[in-house]
Amino acid sequence: MKISELFKQTADIPEELGEKMIEGVTSDSREVQKDYVFVCIEGENFDGHSMAKKALELGAAAVVTQKKLGLEQEINVLNTREVYPELLSVFYGSPEKTLNICAVTGTNGKTTIAGICAQLTRLMGHRTGIIGTLGTDTGSGLKYSHDGPPTTPEPRKLYSLFEEMVSEGTEYCFVEASSQALAQHRFAKNCFNAAAFTNLTRDHLDYHKTMENYFAAKLMLFDNCKQAVVNIDDEYGEKTAEYCRKNGVPVKTVSLKGNADFYTELVKIYPDRAEFIFTDSAAKKSYPVRFALTGEYNVINALTAVVMCSLLGFHTDEIVSALERIRGVSGRLETLYSGEFTVIRDYAHTEDGLEKLLSTLKPLTKNRLICLFGAAGERDAGKRPDMGKTAAKYSDMLIVTTDSPRHEDPQQTIDDVVRGIPSGTLYEEYTDRERAVVRALEIAEKGDIVALCGKGHEDYQAIGDEYLHFDEKEIVDKYFGVL
């Protein structure tokens with residue numbers, strides 16, 4: 001590909017430079033090779049412009065800058081972050097024109113909804129990929145695990161995955177769009193056929209600083225989609241739906257309470273499932289559903305997935321039939337052991353996530369609800385006391401431990417959580433999370449539910465700069481002699 005072809009929609013290129021052939025596009029100076037285009041991006045801790053001259057010395061065909069450096073083979077643009085995914089899209093053959101890409105954003109529910117959508121489309125006979133917290137499946141099975149890095153990969157990885165899906169004949173791809181990914185412009189324009197908004201609660205304020213900034217990042221998805229489905233039971237969902245209407249984005253609303261395009265009635269929650277009826281207001285038709293996940297919040301997740309698939313052109317009867325055949329989602333209300341007592345694991349790692357999970361489990365508990373959880377190190381410390389307070393509200397016994405401490409003292413994360421736990425609450429604390437899990441199992445009695453919160457599907461702990469293997473399913477299996 002010539003440089004002129006790469007930049008045909010983003011910048012005017014001098015004729016002599018435009019004739020150069022290129023072999024790759026990257027913003028990582030460590031990846032630069034001969035005839036690559038190096039995009040200089042200014043980050044919080046590193047400015048790629050400092051490596052522009054070095055990139056040319058390594059044989060780069062051109063460097064893309066937003067600061068004029070006066071270098072030969074320099075292409076200056078207004079915003080390199082915004083231009084980067086546009087270049088990658090062109091370089092990888094505009095995969096979004098072939099692959100039907102859909103995104104889910106919000107604080108909680110992204111993984112569940114993306115997972116349900118992927119299972120639904122597969123059950124309806126279509127090859128489907130998924131990119132998110134659980135890893136990446138290009139359509140032929142889980143092939144890539146992020147092993148700790150962000151929910152949404154960096155742009156070059158993202159677009160190479162899209163290209164791979166196209167080459168494999170994958171038809172649909174469901175992406176978890178994190179707020180950081182949206183704020184950092186990791187997607188090219190007009191990338192998504194459909195998008196969903198779940199909810200917004202306090203999270204990632206270490207990055208966004210304010211809830212206003214956090215919400216603004218989420219809204220960026222709806223500047224980049226053809227149609228949307230929004231949960232209006234959430235106050236930010238109502239704002240998102242209004243934002244879509246004002247900006248001409250067709251939007252369908254969902255609710256557990258009625259007064260939406262799609263709403264539920266007669267919701268019944270059981271330990272192993274949920275049963276409900278949902279109504280399509282426009283069609284004036286209702287559908288009874290038996291769903292493999294429990295909890296009201298999974299009812300709204302399921303309804304959101306149903307509507308997302310309907311936006312893609314699938315018939316509702318076919319979607320509902322598939323919905324009743326799906327399995328659960330790893331680390332989301334996942335039962336690890338069921339005997340005299342029950343052990344579940346879930347990714348709940350925020351105040352809102354704990355509220356939804358524990359308020360669901362409490363009525364299903366015959367004896368005690370034992371909650372194990374911890375706060376992540378080097379992440380929004382302000383939410384830690386609220387997590388402690390919420391967990392104490394529903395639990396009969398708390399085991400306070402770590403999540404991924406990173407470079408922070410694990411005891412500090414525990415102390416911050418404990419500040420929110422009311423006096424008189426029964427709790428124990430352990431800086432060793434494996435010991436904490438074993439302790440929770442040791443004290444469990446007949447009729448108890450043990451909720452292991454925060455890690456969910458994750459099979460690692462981030463300690464210092466390392467990602468160390470840590471899988472709660474393996475710990476539970478070993479305790480009961482399964483391994």
Check: So which of Lys446/Lys478; Lys285/Lys393; Lys284/Lys393; Lys257/Lys389; Lys54/Lys455; Lys239/Lys285 end up more than 31 Å apart by C-alpha?
Finding: Lys285/Lys393; Lys284/Lys393; Lys54/Lys455
Check: Helix 433-443 versus the longest principal axis of the chain: what is the Cα-based angle in degrees, 0 to 90, to the nearest 10?
Finding: 20 degrees
Check: How much area per residue is accessible in the chain when the probe is 1.4 Å and only protein heavy atoms are counted (Å²)?
Finding: 43 Å²
Margin query: Checking the a/c ratio against 1.5 first, then a/b against b/c, what shape does the Cα gyration tensor give for region 1-93?
Written below: rounded
Note to self: When a/c reaches 1.5 or more, the comparison of a/b and b/c decides; with that in mind, is region 328-483 rounded, prolate or oblate per its Cα gyration tensor?
What the structure shows: oblate
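Give me the net charge for the shell around Pro405: Cβ to Cβ below 13 angstrom, other residues only, Lys and Arg +1, Asp and Glu -1.
Numbers: positive: Arg379, Arg384, Arg406, Arg433, Lys455; negative: Glu378, Asp403, Glu408, Asp409, Asp415, Asp416, Asp432, Asp465, Glu466.
Summing Lys and Arg as +1 and Asp and Glu as -1 gives -4.
If contacts are Cα pairs under 8 angstrom and at least 6 residues apart, what is the relative contact order of the chain in percent? Could you put the intermediate results ahead of the total?
On the way: 1045 pairs, mean separation 49.2, N = 483.
Relative contact order for the chain comes out at 10 percent.
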Checklist line | Local net charge near Thr26, Cβ-Cβ under 15 Å (Lys/Arg +1, Asp/Glu -1) | finding: 0
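Of all the Cα-Cα pairs you can form in the chain, what percent are over 31 Å apart?
Of all Cα-Cα distances in the chain, 47 percent exceed 31 Å.
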Next item on the list: Can you check what the net charge comes to around Gly248, using other residues whose Cβ is under 12 Å from the Cβ of Gly248 (Lys, Arg +1; Asp, Glu -1)?
Entry: +2
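Enumerate by residue number the trypsin sites (Lys or Arg not before Pro) in region 5-57 meeting two conditions: DSSP loop (anything except H, G, I, E, B), and at most 13 other Cβ atoms within 10 Å of the site's Cβ. Mind dumping the intermediate values first?
Working: sites: Lys8, Lys20, Arg30, Lys34, Lys53, Lys54; in loops: Lys8, Lys20, Lys34.
Hits after loop and neighbour filter: Lys8, Lys34.
Can you bin region 79-141 into rounded, prolate or oblate? Criterion: square roots of the alpha carbon gyration tensor eigenvalues sorted a ≥ b ≥ c, rounded for a/c under 1.5, prolate for a/b above b/c, oblate for the rest.
Working: a/c = 2.60, a/b = 1.47, b/c = 1.76.
It is oblate, given that a/c is not under 1.5 and a/b is not larger than b/c.
Please go through region 17-76 and write out the GluC sites (Glu not before Pro) that DSSP classes as loop and that have at most 10 other C-beta atoms within 10 Å. Display every interim value, and only then the final one.
On the way: sites: Glu19, Glu23, Glu31, Glu42, Glu44, Glu57, Glu72, Glu74; in loops: Glu19, Glu23, Glu44, Glu72.
Hits after loop and neighbour filter: Glu44, Glu72.
Give me the percent of accessible area attributable to carbon and sulfur for the chain, probe 1.4 angstrom.
On the way: 9460 of 20570 Å².
Summing carbon and sulfur atoms, their accessible area is 46 percent of the total for the chain.
The values are calculated or read from the model by the stated rules, or taken from the named source; none is laboratory data. Note that the structure is predicted; figures quoted are calculated from it, not measured. We place every Cβ from the backbone using ideal geometry, glycine too, and count neighbours over all the protein chains shown. With ligands, DNA and RNA removed, areas are computed over all heavy atoms of the protein, side chains included. Shrake-Rupley method; radii C 1.70, N 1.55, O 1.52, S 1.80 Å.
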